[in-house]
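*Asks:* Sharing a structure here in structure tokens format.
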Amino acid sequence: MINFFGVNTLNIQDTVKLDLNDISKELSFLLYLLRNNANDELLMKQYVSDLDWKMFMTLAIHHRVYPLIYLRLKGMDATLIPTEIMASLQQHYHNNVMKMLHLSREMSRICGVLKDNGIRTLLLKGPILATQLYGDLAHRTSKDLDILVDADDVEKVERVLLQLGYELQDERILGNWKKTSHHLSYEHKQHSAQIEVHWRLNPHYDKSFSFDSLWERRNDVMLSHQIYHYLGNEDLLSYLADHGARHGWFRLRWLMDIAKLLPMINSGDMRVHFGRYGGQQYVGQAFILLSRLFSVDIPHDLTVLTMNSKAHRLAETALYYIKRIVKLNPVPEKSVAWHYNRYLFSLMTGKQKALYILNKFLPNSRDASVLPLPKSLHFLYLPLRPFLWFWRRLKQPSI
């Protein structure tokens, strides 16, 4: 098989080795097209000579990068690409345009109403990321809107969303739901738009990333005469790396987000951020994957992050999910669940591991849904927790 992983611009592969030998030709072609320097006509012909186009399409859709793939292939020799593949990519591209326009309208409506109610919001992903990182709403896909609010405002946000026609999708029976989770999901009754309301950036509480501190470091942008707020560049890089790491980077879109953000990062500011808040190993993992898979030029002052042994181990493990078509969210497939749970545990610091184990002993609303009890007997969920957890695992459908 031809080695399609050329020379890295920073020679990081000279010191950081990843096993890329068993990556399929279809995935290799996808990675090639997502690089900025993908313009070698001879290499293109080598790729497409015996490509499984059905698998290629499956990968482009699974990794949620089909808008970028469509735009890249549209500018290449039309005789190299099957007509039906281009037609399918074009249809997916146009469908995404409509979806993103719809999400943008909802973003405008919801943020406007929340502001009128005195509620501060920070947008995490969605249309704001598409416009600020990709420069075009149509170049990124989004399933839903992710909005971060102060934990004290969650109930106010819910009242607003209910008035706007949204319904809560999560179980919330016990009163400790803010401790055992970090977001709630809502869906509109008529047009099915989905909203995730976050009160923490991730499942692990850290006062360094309290809403007030994130708000002070925020970015502001005006779009269509309306001001939106989103994470500051350093917080955004940390969040995207943390989010991608927790999901095993099973979608390449998350790595592309970081590649687009990287030119906006000031290395000095980022080093200060790491010194105060940590998270170097997750960003290091992302940088290793970007460098080895996409030949992304990592800023010289930040290449030291790729030399971190934990970052390297995490990057190697993430390849397990990138090489396969797997779904890890919201529940991992049974075929990879054991591997993924070990990987998740390896991500955590010692303190996070202790809190994670402690949290596992706390009952949650899913336990209450398995065994409904009157409120006066809710104290029984604590001793019953191990048995209810095991029962849920036993009943989890095989995907």
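*Asks:* So in the range 208-256, with the set limited to residues that are charged (D, E, K, R) and closer than 19 Å to Lys323 by Cα, which one is surrounded by the fewest Cβ atoms within 10 Å (Cβ to Cβ)? Spell out the reasoning first.
*Replies:* Our first condition is that a residue be charged (D, E, K, R); within the range 208-256, this holds for 212, 216-218, 220, 234-235, 242, 246, 251, 253.
Pick out the ones that are also closer than 19 Å to Lys323 by Cα and you get 246, 251, 253.
Values: Arg246: 18, Arg251: 21, Arg253: 20.
The residue in question is Arg246.
*Asks:* Scan Glu158, Glu171, Glu167 and give me the residue that is of a type outside the set (Val, Ile, Thr), at pLDDT below 95 and under 28 Å from Pro374 (Cβ atoms).
*Replies:* It is Glu171.
*Asks:* Same structure, new question: Checking Met222 against (1) in a strand (DSSP E or B); (2) under 22 Å from the mean Cα position of the chain (by Cα), only one condition comes out false. Which one?
*Replies:* In the conditions (1) in a strand (DSSP E or B); (2) under 22 Å from the mean Cα position of the chain (by Cα), Met222 misses (2) alone.
*Asks:* Give the residue that is modelled with the lowest pLDDT, with candidates limited to residues of the range 307-332 that are under 16 Å from Gly244 (Cα atoms) and of a type in the set (S, T, N, Q).
*Replies:* My answer is Asn329.
*Asks:* Would you mind telling me which numbered condition in (1) surrounded by 19 or more Cβ atoms within 10 Å (Cβ to Cβ); (2) over 19 Å from His62 (Cα atoms); (3) of a type outside the set (Asp, Glu) Tyr340 fails?
*Replies:* Evaluating Tyr340 over (1) surrounded by 19 or more Cβ atoms within 10 Å (Cβ to Cβ); (2) over 19 Å from His62 (Cα atoms); (3) of a type outside the set (Asp, Glu) leaves (2) as the failure.
*Asks:* For Trp199, indicate whether it is assigned by TED's automatic domain parsing to the domain that holds Val113, of a type in the set (Phe, Trp, Tyr), under 17 Å from the mean Cα position of the chain (by Cα) and surrounded by 14 or more Cβ atoms within 10 Å (Cβ to Cβ). Spell out the reasoning first.
*Replies:* Working: assigned by TED's automatic domain parsing to the domain that holds Val113: yes; of a type in the set (Phe, Trp, Tyr): yes; under 17 Å from the mean Cα position of the chain (by Cα): yes; surrounded by 14 or more Cβ atoms within 10 Å (Cβ to Cβ): yes.
Yes: the conditions hold for Trp199.
*Asks:* Something else now. Which residue is surrounded by the fewest Cβ atoms within 10 Å (Cβ to Cβ), if the candidates are limited to the range 363-379 and must be at pLDDT below 70 and among the hydrophobic types (A, V, I, L, M, F, W, C)?
*Replies:* Phe379
*Asks:* Does Arg172 satisfy the condition of being surrounded by 14 or more Cβ atoms within 10 Å (Cβ to Cβ), more than 26 Å from Asn95 (Cα to Cα) and out of contact with any Pro (no Cβ under 8 Å at 6 or more places or on another chain)?
*Replies:* Spelling it out, Arg172 is indeed surrounded by 14 or more Cβ atoms within 10 Å (Cβ to Cβ), more than 26 Å from Asn95 (Cα to Cα) and out of contact with any Pro (no Cβ under 8 Å at 6 or more places or on another chain).
*Asks:* Yes or no: Asp136 without any contact (Cβ under 8 Å) to a residue 24 or more places away in the chain, under 21 Å from the mean Cα position of the chain (by Cα) and assigned by TED's automatic domain parsing to the domain that holds Met222? Let's see the steps before the verdict.
*Replies:* Numbers: without any contact (Cβ under 8 Å) to a residue 24 or more places away in the chain: yes; under 21 Å from the mean Cα position of the chain (by Cα): yes; assigned by TED's automatic domain parsing to the domain that holds Met222: yes.
So Asp136 passes the test.
*Asks:* Among the hydroxyl-bearing types (Ser, Thr, Tyr), touching a strand residue (DSSP E or B) at 6+ places or on another chain (Cβ under 9 Å) and either at pLDDT below 95 or within 14 Å of Leu148 (Cα to Cα) (or both): which single residue out of Tyr205, Tyr230 fits that description?
*Replies:* Working: Tyr205 fails: touching a strand residue (DSSP E or B) at 6+ places or on another chain (Cβ under 9 Å).
Every option except Tyr230 fails the conditions.
*Asks:* Now, a different point. How many residues, within the range 29-67, are exposed (fewer than 13 other Cβ atoms within 10 Å of the Cβ) and in contact with a Leu (Cβ under 8 Å, 6 or more places away or on another chain)?
*Replies:* Result for the range 29-67: 1.
*Asks:* Do you know which of the residues in the range 265-281 that are in contact with a Ser or Thr (Cβ under 8 Å, 6 or more places away or on another chain) and outside any helix (DSSP H, G or I) is surrounded by the fewest Cβ atoms within 10 Å (Cβ to Cβ)? Don't jump to the end; show me each part of the working.
*Replies:* Here is the first cut: in the range 265-281, the ones in contact with a Ser or Thr (Cβ under 8 Å, 6 or more places away or on another chain) are 273, 276-279.
Next cut, outside any helix (DSSP H, G or I) only: 278-279.
Working: Gly278: 13, Gly279: 21.
Among residues in the range 265-281 that are in contact with a Ser or Thr (Cβ under 8 Å, 6 or more places away or on another chain) and outside any helix (DSSP H, G or I), the one surrounded by the fewest Cβ atoms within 10 Å (Cβ to Cβ) is Gly278.
*Asks:* Sticking with this structure for a sec: Looking at the range 35-49, which of the residues that are modelled with pLDDT under 90 and part of a loop (DSSP other than H, G, I, E, B) is nearest to Ala130 (Cα to Cα)?
*Replies:* Looking at residues that are modelled with pLDDT under 90 and part of a loop (DSSP other than H, G, I, E, B), I get Asn36.
*Asks:* In this structure, does Arg251 turn out to be of a type in the set (Lys, Arg) and part of a helix (DSSP H, G or I)? Before the answer, list the steps.
*Replies:* Details: of a type in the set (Lys, Arg): yes; part of a helix (DSSP H, G or I): no.
Here the answer is no, as Arg251 does not meet what is asked.
*Asks:* Name the pairs whose Cβ atoms lie under 7 Å apart, with the first residue in the range 325-347 and closer than 19 Å to Arg64 by Cβ, the second assigned to a helix (DSSP H, G or I) and among the polar types (S, T, N, Q), and 6 or more positions between them or separate chains?
*Replies:* Taking only residues 6 or more apart or on different chains, the pairs are Ile325/Thr58.
*Asks:* So, of the residues in the range 120-134 that are out of contact with any Lys or Arg (no Cβ under 8 Å at 6 or more places or on another chain) and at pLDDT 95 or above, which turns out to be surrounded by the fewest Cβ atoms within 10 Å (Cβ to Cβ)?
*Replies:* The initial filter retains those residues of the range 120-134 that are out of contact with any Lys or Arg (no Cβ under 8 Å at 6 or more places or on another chain), namely 120, 123-128, 131-132.
Adding the requirement that they be at pLDDT 95 or above leaves 120, 123-124, 127-128, 131-132.
Details: Arg120: 16, Leu123: 22, Leu124: 21, Pro127: 24, Ile128: 26, Thr131: 18, Gln132: 19.
This residue is Arg120.
The values are calculated or read from the model by the stated rules, or taken from the named source; none is laboratory data. Just so it is clear, the model here is predicted, and its values are computed rather than measured. Positions of Cβ are generated from backbone atoms using ideal geometry, with glycine treated the same way; all protein chains shown enter the neighbour counts.
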